[in-house]
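Only the coordinates and a few stated rules stand behind these numbers; no lab work does. Predicted, not measured: the structure shown is a model, and the values here were computed from it. Every residue, glycine as well, gets a Cβ built from its backbone with ideal geometry; the counts of neighbours run over all protein chains shown.
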């Protein structure tokens, strides 16, 4: 909206319009491809999420591939199946079906990482039990639990549906 207001006020050739336009500064950024570093150029990579990469797979063509590219400009009915496949391989390394197939031994990698993760987790838990946690409290000993159970039965804790409902007070033993 601001650009349309500026255009209507001063016209397309005004200084105000040029401050909003990037087309007047393109010549300042015009650099030949030889001067551009390699890491700024787009790279080819196969991925299922983006099956059409920005650049072709083969960046430098051999003489045979160049002859095939010239033949490509003509009728495609004159091309053989192998030539069509060679033209495809110039632009793409893998087909979409090949990308979906995955590596044949990928399960070994997944299983290896799963075992590594379980081993690391086990060592981590062992270290915690040995060096981080203190000794078990005395309330977890079997004698203490037996005394606490006897006390709960004597107090008749939750006698209808709970703990004491499973105790037979006449026979003085657990119900079966």
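Taking label points 7 Å from Cα along the Cα-to-Cβ direction, residue 82 and residue 60 give a separation of 2.6 nm. Take each peptide in 130-142, 164-176, count the other Cβ atoms within 10 Å of every residue, and average; sorted highest first, the result is 164-176, 130-142. Size check on the stretch 136-176: the Cα extents along the three principal axes, sorted descending, read 34, 18, 17 Å.
Protection proxy ranking of 39-50, 88-99, by the mean of other Cβ atoms within 10 Å over each peptide's residues and highest first, is 88-99, 39-50. At full extension, residue 113 and residue 148 could sit 8.0 nm farther apart than now, given 0.36 nm per residue minus the alpha carbon distance. The calculated FRET efficiency for the pair residue 100 and residue 71, based on their C-beta separation and a Förster distance of 25 Å, comes to about 0.25. Label-to-label distance, residue 141 versus residue 126, with points set 7 angstrom from Cα along the beta-carbon direction: 2.9 nm. Within the stretch 70-160, the ratio Rg/Rh, alpha carbon atoms throughout and Rh by Kirkwood, equals 1.61. Rounded to two decimals, the Cα radius of gyration of the stretch 38-101 over 2.2 N^0.38 Å is 1.25.
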